[in-house]
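Any read-out appearing in this document is the output of simple, stated calculations on the displayed coordinates, not a laboratory observation. Small disclaimer: the values here were computed from a predicted structure and weren't measured. Backbone-built Cβ (ideal geometry, glycine too); neighbour counts: all protein chains shown.
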Amino acid sequence: MGNHLGWKRVDPVVERACKFLVTHQESNGSWFGRWGIAYIYGTWAALTGLASVGFRRGNPSIDRGVRWLLTIQNEDGGWGESCHSDVVRKYVPLGKSTEVQTAWALNALVAVHDSPIPEIEAGVKRLLELCESPGEMADVPTGGGLSGQFYIHYHSYRYIWPLVALSHYRKKYGEKPG
């Protein structure tokens with residue numbers, strides 16, 4: 001609503017929604033996301049939503065969410081979360097990066113940074129590598145059906161979310177890194 005309808009946090013409905021997000025942020029800075037896996041997805045949704053209505057770096061919730069994403073970034077530059085996070089209601093690393101979760105994390109970071117930081121550049125590099133050669137992680141579920149029971153692999157997500165993240169990067173910062 002912020003990006004496409006121009007709503008800002010001064011609107012009472014938006015202010016209530018923002019208050020909900022801020023009060024439901026985990027102590028580590030992440031947010032739980034019900035329909036995606038789970039904390040990367042929730043943190044992406046919260047950060048991009050808050051940024052779209054005017055929240056910026058320097059806001060404690062934004063800064064805590066950013067710090068959390070940066071602390072869980074894999075050494076290869078990407079992000080990956082296990083479906084087990086959904087069961088234990090705590091972030092559980094997958095141990096490998098996925099296209100979709102890397103795209104979600106990148107999109108969140110791009111939404112709140114005025115210029116690219118090294119972690120964003122590393123994430124873009126890894127995302128491009130994953131898109132060119134997805135390997136075994138291409139079929140990792142990214143949607144939560146019933147916690148601990150079944151998870152959903154949306155076949156189109158590995159195409160859609162990287163395109164969204166990379167297009168937001170390019171629109172905000174220009175061409176992709178060298």
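Tell me which GluC sites (Glu not before Pro) from the stretch 51-100 have a DSSP coil assignment and no more than 13 other beta carbons within 10 Å of their own. Qualifying residues, ordered by number: Glu75.
With K and R counted +1 and D and E -1, the other residues having a Cβ less than 14 Å from that of Gly95 yield a net charge of -3. In this structure, the pairs whose alpha-carbon distance is over 24 Å, taken from Lys19/Lys171; Lys19/Lys172; Lys125/Lys172, are Lys19/Lys171; Lys19/Lys172.
Counting Lys and Arg as +1 and Asp and Glu as -1 over every other residue whose Cβ lies under 12 Å from the Cβ of Thr142, the net charge comes to -3.
Based on alpha-carbon centroids, what's the gap between the stretch 129-174 and the stretch 70-118 in Å, whole number please? That distance is 11 Å.
Normalised by 2.2 N^0.38 Å, where N is the number of residues, the C-alpha radius of gyration of the stretch 114-162 stands at 1.42.
Over the Cα atoms of the stretch 84-178, the radius of gyration divided by the Kirkwood radius equals 1.00; this is the Rg/Rh ratio. Remark: C-alpha extents of the stretch 64-132 on the principal axes read 35, 31, 17 Å, sorted largest to smallest. In a Debye calculation with equal point scatterers on the alpha-carbon sites of the stretch 2-173 and no solvent, what is log10 I(q)/I(0) at q = 0.16 Å⁻¹? The computed values of log10 I(q)/I(0) come out as -0.91.
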